[in-house]
1. Looking for something of a type in the set (Gly, Ala, Ser), open to solvent by 70 Å² or more (accessible area, probe 1.4 Å), over 30 Å from Pro6 (Cβ atoms) and not in a strand (DSSP E or B) - is there at least one such residue anywhere in the range 135-150?
2. May I ask you to list the residues in the range 134-154 that are out of contact with any strand residue (DSSP E or B) (no Cβ under 6 Å at 6 or more places or on another chain) and closer than 25 Å to Thr104 by Cα?
3. Among the residues of the range 134-151, count how many are of a type in the set (D, E, K, R), free of Cβ contacts under 8 Å to residues at least 24 places away in the same chain and more than 21 Å from Val54 (Cα to Cα).
4. Only one of these conditions is not met by Gln134: (1) closer than 28 Å to Lys61 by Cβ; (2) touching a Lys or Arg at 6+ places or on another chain (Cβ under 6 Å). Which number is it?
5. Suppose we keep only residues that are polar (S, T, N, Q) and assigned to a loop (DSSP other than H, G, I, E, B) within the range 2-24. Which one would you say is nearest to the chain's Cα centre (by Cα)?
6. Testing Ile12 on (1) touching a residue at least 24 places away in the same chain (Cβ under 8 Å); (2) out of contact with any helix residue (DSSP H, G or I) (no Cβ under 8 Å at 6 or more places or on another chain), one condition comes back false. Which one is that?
7. So which residues in the range 28-40 are within 17 Å of Thr2 (Cα to Cα) and out of contact with any helix residue (DSSP H, G or I) (no Cβ under 6 Å at 6 or more places or on another chain)?
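The values are calculated or read from the model by the stated rules, or taken from the named source; none is laboratory data. These figures come from a predicted structure and were not determined experimentally. Cβ placement follows ideal geometry from the backbone for every residue including glycine, while neighbour counts extend to all protein chains displayed. Heads up: the accessible areas ignore ligands, DNA and RNA and are worked out on the full protein's heavy atoms, side chains in. Shrake-Rupley method; radii C 1.70, N 1.55, O 1.52, S 1.80 Å.
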Amino acid sequence: MTELDPFEIKIIRELQRDASQTTAEIAERVGLSTSPCWRRIDRLEREGVIRKKVAVIDRRKVGLNAHIFAQVKLNAHGRANLDEFGEAIRSFPEVLDAYVLMGTTDFMLRIVAKDIDAYERFFFDQLSKLSGVQEINSTVALSEIKSTNELPIG
(Lines give C-alpha, C1' and ligand atoms only; values in the text may rest on other atoms or scores of the structure.)
Protein backbone atom coordinates (compact mmCIF):
# COMPACT_ATOMS: atom_id res chain seq x y z
CA MET A 1 0.00 0.00 0.00
CA THR A 2 1.30 3.43 -0.92
CA GLU A 3 1.23 6.06 1.81
CA LEU A 4 -0.70 9.10 0.60
CA ASP A 5 -0.37 12.59 2.00
CA PRO A 6 -3.42 14.92 2.18
CA PHE A 7 -2.46 16.64 -1.11
CA GLU A 8 -2.17 13.31 -2.93
CA ILE A 9 -5.60 12.28 -1.65
CA LYS A 10 -7.03 15.54 -3.02
CA ILE A 11 -5.20 15.03 -6.32
CA ILE A 12 -6.62 11.51 -6.67
CA ARG A 13 -10.13 12.78 -5.93
CA GLU A 14 -9.75 15.45 -8.61
CA LEU A 15 -8.42 12.98 -11.17
CA GLN A 16 -11.25 10.54 -10.42
CA ARG A 17 -13.75 13.34 -10.87
CA ASP A 18 -12.21 14.61 -14.14
CA ALA A 19 -8.89 13.30 -15.46
CA SER A 20 -8.96 15.72 -18.39
CA GLN A 21 -7.98 18.62 -16.11
CA THR A 22 -4.55 20.13 -16.64
CA THR A 23 -1.96 19.84 -13.90
CA ALA A 24 -2.32 23.58 -13.31
CA GLU A 25 -6.10 23.20 -12.80
CA ILE A 26 -5.61 20.32 -10.39
CA ALA A 27 -2.87 22.20 -8.53
CA GLU A 28 -5.16 25.20 -8.05
CA ARG A 29 -8.01 23.04 -6.78
CA VAL A 30 -5.84 21.17 -4.24
CA GLY A 31 -3.83 24.17 -3.05
CA LEU A 32 -0.42 23.46 -4.59
CA SER A 33 1.71 25.12 -7.22
CA THR A 34 2.02 23.31 -10.55
CA SER A 35 5.48 21.75 -10.12
CA PRO A 36 4.86 19.97 -6.79
CA CYS A 37 1.46 18.84 -8.08
CA TRP A 38 3.05 17.40 -11.24
CA ARG A 39 5.71 15.60 -9.16
CA ARG A 40 3.02 14.00 -6.99
CA ILE A 41 1.00 12.89 -10.02
CA ASP A 42 4.15 11.51 -11.63
CA ARG A 43 5.00 9.53 -8.46
CA LEU A 44 1.44 8.17 -8.22
CA GLU A 45 1.68 7.02 -11.84
CA ARG A 46 5.15 5.45 -11.41
CA GLU A 47 4.02 3.58 -8.29
CA GLY A 48 0.90 2.29 -10.03
CA VAL A 49 -1.61 4.11 -7.81
CA ILE A 50 -2.86 5.80 -10.99
CA ARG A 51 -3.08 2.92 -13.45
CA LYS A 52 -4.41 4.87 -16.42
CA LYS A 53 -6.58 7.81 -17.43
CA VAL A 54 -9.59 7.07 -19.61
CA ALA A 55 -12.73 8.61 -21.05
CA VAL A 56 -15.95 7.20 -19.59
CA ILE A 57 -18.33 6.52 -22.46
CA ASP A 58 -22.12 6.40 -22.18
CA ARG A 59 -22.79 2.84 -23.40
CA ARG A 60 -26.31 3.65 -24.61
CA LYS A 61 -25.09 6.50 -26.81
CA VAL A 62 -22.84 4.05 -28.66
CA GLY A 63 -25.60 1.48 -29.11
CA LEU A 64 -24.89 -0.90 -26.20
CA ASN A 65 -28.36 -1.01 -24.71
CA ALA A 66 -28.25 -4.37 -22.91
CA HIS A 67 -26.42 -4.61 -19.58
CA ILE A 68 -26.15 -8.13 -18.22
CA PHE A 69 -24.68 -9.76 -15.12
CA ALA A 70 -23.80 -13.42 -15.61
CA GLN A 71 -22.88 -15.86 -12.87
CA VAL A 72 -20.82 -18.72 -14.22
CA LYS A 73 -20.37 -22.05 -12.50
CA LEU A 74 -17.62 -24.33 -13.76
CA ASN A 75 -17.75 -28.10 -13.49
CA ALA A 76 -15.35 -29.87 -11.14
CA HIS A 77 -12.79 -30.30 -13.92
CA GLY A 78 -13.28 -26.69 -15.00
CA ARG A 79 -12.43 -25.36 -11.54
CA ALA A 80 -8.93 -26.71 -12.00
CA ASN A 81 -8.67 -24.42 -15.03
CA LEU A 82 -9.77 -21.10 -13.53
CA ASP A 83 -6.84 -19.38 -15.23
CA GLU A 84 -7.78 -20.81 -18.62
CA PHE A 85 -11.37 -19.62 -18.25
CA GLY A 86 -10.17 -16.20 -17.06
CA GLU A 87 -7.89 -15.85 -20.06
CA ALA A 88 -10.73 -16.72 -22.44
CA ILE A 89 -13.02 -14.17 -20.77
CA ARG A 90 -10.37 -11.43 -21.17
CA SER A 91 -10.55 -11.89 -24.95
CA PHE A 92 -14.26 -11.00 -25.12
CA PRO A 93 -14.81 -7.24 -25.55
CA GLU A 94 -18.43 -7.68 -24.40
CA VAL A 95 -17.18 -8.64 -20.92
CA LEU A 96 -16.37 -5.42 -19.06
CA ASP A 97 -15.62 -6.92 -15.65
CA ALA A 98 -14.93 -10.44 -14.44
CA TYR A 99 -14.51 -11.57 -10.85
CA VAL A 100 -13.60 -14.92 -9.32
CA LEU A 101 -16.06 -15.63 -6.50
CA MET A 102 -16.22 -17.77 -3.40
CA GLY A 103 -19.51 -19.56 -3.00
CA THR A 104 -21.90 -21.41 -5.27
CA THR A 105 -20.70 -19.74 -8.48
CA ASP A 106 -17.15 -19.30 -9.70
CA PHE A 107 -17.32 -16.09 -11.75
CA MET A 108 -19.40 -12.91 -11.95
CA LEU A 109 -19.29 -11.19 -15.33
CA ARG A 110 -20.57 -7.75 -16.29
CA ILE A 111 -21.44 -7.79 -19.97
CA VAL A 112 -22.76 -5.26 -22.49
CA ALA A 113 -24.37 -5.93 -25.84
CA LYS A 114 -26.31 -4.06 -28.51
CA ASP A 115 -29.54 -5.72 -27.39
CA ILE A 116 -30.85 -8.97 -25.91
CA ASP A 117 -30.61 -10.71 -29.29
CA ALA A 118 -26.92 -9.81 -29.49
CA TYR A 119 -26.39 -11.11 -25.94
CA GLU A 120 -28.18 -14.33 -26.86
CA ARG A 121 -25.78 -14.84 -29.79
CA PHE A 122 -22.78 -14.11 -27.53
CA PHE A 123 -24.18 -16.48 -24.89
CA PHE A 124 -24.74 -19.44 -27.24
CA ASP A 125 -21.89 -18.89 -29.72
CA GLN A 126 -19.10 -18.02 -27.31
CA LEU A 127 -19.70 -17.93 -23.55
CA SER A 128 -21.51 -21.25 -23.15
CA LYS A 129 -19.00 -23.03 -25.40
CA LEU A 130 -16.03 -22.32 -23.12
CA SER A 131 -14.36 -25.39 -21.67
CA GLY A 132 -15.52 -26.35 -18.20
CA VAL A 133 -18.71 -24.26 -18.13
CA GLN A 134 -21.43 -26.09 -16.24
CA GLU A 135 -24.03 -23.38 -15.73
CA ILE A 136 -24.61 -19.71 -16.56
CA ASN A 137 -27.27 -17.60 -14.86
CA SER A 138 -27.86 -14.28 -16.60
CA THR A 139 -29.59 -11.28 -15.07
CA VAL A 140 -30.56 -8.32 -17.23
CA ALA A 141 -30.24 -4.90 -15.60
CA LEU A 142 -33.36 -2.83 -16.22
CA SER A 143 -31.95 0.52 -15.16
CA GLU A 144 -28.76 1.95 -13.72
CA ILE A 145 -29.09 3.57 -10.29
CA LYS A 146 -25.42 4.27 -9.62
CA SER A 147 -22.28 3.76 -11.66
CA THR A 148 -18.94 5.18 -10.65
CA ASN A 149 -15.23 4.53 -10.88
CA GLU A 150 -14.48 6.90 -8.00
CA LEU A 151 -12.95 5.11 -5.03
CA PRO A 152 -13.81 6.51 -1.56
CA ILE A 153 -10.27 7.63 -0.70
CA GLY A 154 -9.41 9.51 2.46
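1. The answer is yes, given that some residue of the range 135-150 is of a type in the set (Gly, Ala, Ser), open to solvent by 70 Å² or more (accessible area, probe 1.4 Å), over 30 Å from Pro6 (Cβ atoms) and not in a strand (DSSP E or B).
2. Leu142 - this is the single residue of the range 134-154 that is out of contact with any strand residue (DSSP E or B) (no Cβ under 6 Å at 6 or more places or on another chain) and closer than 25 Å to Thr104 by Cα.
3. The number of residues fulfilling the criteria is 0.
4. That leaves (1) as the condition not met.
5. Ser20
6. Result: Ile12 fails condition (2) only.
7. Arg39
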